[in-house]
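We did not get these values from a lab; they are worked out from the coordinates using the rules stated. Values in this document were obtained by computation on a predicted structure and should not be read as measured data. Glycine gets a Cβ as well: all are built from the backbone with ideal geometry, and neighbour counts include every protein chain shown.
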Ligand code: PMP
Ligand code: GLN
């Protein structure tokens, strides 16, 4: 393995899911739902394969899907996007993120990440030969807040990009209007690109999602990334997209064309169908997940865990307290208690304050959540 990838080893998701399988544990680690997406959407995908849509789609994605993505953004947020030049279909949000960094950040420049950060951001920055600078979320009551002063102080002459993720994996935090405003102000003041990872945009429980690109001065400098995975319960389909003004999309495409060229031909019309016709299903999913957040949070509290606030995503965190190492805890949990979780400290460059924080995923059937908690309680 090359030096720039050596520090990353294997992903925590692979490690914890492997432990879960080996020990027959209830997997509350890796975030994927254990039930299917809208039946009609699945039917469209099957029909596409049967009808022979099995060759390379166009490089930017099928025109019908790109139009549906633009129309969906317009309907929900009022944003106006040209599907011909400002929408790029990618192999999941993961590829959109990697291609955005590879295609738009020169080697040696700096990319600011908010920690804890989704693991692929750091790897993408390393692959690009750029340098990451991690700015922490800080504890704010039972939740987390962005340290705006630290963000401002992290900007240097070398900064090229800020990566923002709201709703936030792994904490379930949603950035407030003030925090988003501060990010926008800093980005505009220093002429920075913002990569906004909004894959959990639909999965909000208390307040609605606000796209970073909708803030004043931000449309022209923001690459918005989202995905069908979390909207329609199809994490294995790997259909994502990047949205940005044409010159930025051209940069993302410059890298994307040599990473995968294209992907997922029969799934693209299925996602197009879902974007156009399954909004009620998505609203049902949001409500179900809200119930699951409450169900798991309350059960964890009853089991004696210090449970933190989750305003969105699939995840709720617990604080095991000073002196407990979350990584060590999660490595032992599948064998000792038959449950898997994910330690949050591995998503940081400064693990100190995060050492005792562990993430559990509630995107599971209620009986699975209940069994997970039953096992945690029985072992206490
Ligand atoms: N960003 C975040 C914050 C995620 O949690 C995930 C996956 N769970 C991704 C990106 C990757 O999305 P995809 O599966 O569409 O590649
Ligand atoms: N996004 C999911 C999570 O955070 C899964 C990520 C993965 O397996 N790469 O758990």
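Take the Cα gyration tensor of the stretch 76-127, multiply each eigenvalue by 5, square-root it, and list the three semi-axes largest first, rounded to whole angstrom. Can you show the working numbers first?
Values: eigenvalues 113, 38, 27 Å².
Value: 24, 14, 12 Å, ordered largest first.
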Using the number of other C-beta atoms within 10 angstrom as an exposure proxy, rank 359, 331, 60, 46 with the fewest first. 46, 331, 60, 359
With a 10 Å cut-off between alpha carbons and a GNM built on the chain, which of 187, 335, 130 moves the most? 335
Looking at the chain as a GNM with Cα springs under 10 Å, which of 234, 125, 80 has the largest mean-square fluctuation? 80
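Would you mind telling me the antiparallel percentage of the DSSP bridges in the chain, rounded to 5? Present the calculation step by step, with values, prior to reporting the outcome.
On the way: 23 of 44 bridges.
Just about 50 percent of them are antiparallel.
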Pairwise label distance in nanometres, residue 176 with residue 4, each label 7 Å out on the Cα-Cβ vector: 3.9
In nm, to one decimal, how far is the residue 21 label point from the residue 74 one, both placed 7 Å along Cα→Cβ? 4.4
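Divide by every residue of the chain the summed helix terms, -39500 (n - 2.57) for each DSSP H run of at least 4, and state the resulting mean residue ellipticity at 222 nm, rounded to the nearest 500 deg cm²/dmol. Display every interim value, and only then the final one.
Working: 13 runs with 159 residues, N = 380.
About -13000 deg cm²/dmol.
For a protection proxy built on the mean count of beta-carbon atoms within 10 angstrom, sort 63-74, 306-317 highest first, please.
306-317, 63-74
Starting from the coordinates of the alpha-carbon atoms of the stretch 1-78, obtain the Kirkwood hydrodynamic radius over all distinct pairs and give the value in Å to one decimal. Don't skip to the answer; put the middle values down first.
On the way: mean 1/r = 0.0581 Å⁻¹.
Kirkwood radius, the stretch 1-78: 17.2 Å.
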Suppose each label sits 7 Å from its Cα in the direction of the beta carbon; what would the residue 56-residue 298 distance come out to in nanometres? 5.4
Taking the Cα centroid of the stretch 283-349 and of the stretch 140-206, what is the distance between the two, rounded to the nearest whole Å? 22
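Assuming R0 = 51 Å, what is the FRET efficiency of residue 149 and residue 42, from their Cβ-Cβ distance, to the nearest 0.05?
Working: r = 48 Å, r/R0 = 0.94.
So the FRET efficiency works out to roughly 0.60.
Length gain on complete extension for the stretch residue 325 to residue 190, per 0.36 nm per residue less the alpha carbon to alpha carbon distance? Numbers along the way, then the final one.
Numbers: separation 135, 0.36 × 135 = 48.60 nm, distance 3.83 nm.
Between residue 325 and residue 190, full extension yields 44.8 nm more.
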For the stretch 1-157, what is the convex hull volume of the alpha-carbon atoms per residue, in Å³? 229
In whole percents, the bins of 20 Å from zero upward hold the Cα-Cα pairs of the chain as 29, 60, 11
Using only the Cα atoms, work out Rg/Rh for the stretch 38-125, with Rh taken as the Kirkwood radius, to two decimals. 1.05
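Fewest first, what order do 336, 110 take by the number of other Cβ atoms within 10 Å?
On the way: 336 13, 110 20.
Lowest count first: 336, 110.
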Using alpha carbon centers only, the stretch 229-265 is separated from the stretch 75-125 by a whole-angstrom value of 9
How fast does the stretch 201-294 diffuse by Stokes-Einstein, in µm²/s, taking the Kirkwood radius from C-alpha pairs at 10 °C and 1.306 mPa s? 105
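Shape of the stretch 96-232 from its Cα gyration tensor (a ≥ b ≥ c, root eigenvalues): rounded if a/c is under 1.5, otherwise prolate when a/b > b/c, or oblate?
On the way: a/c = 1.45, a/b = 1.25, b/c = 1.16.
It is rounded, given that a/c, with a ≥ b ≥ c, falls under 1.5.
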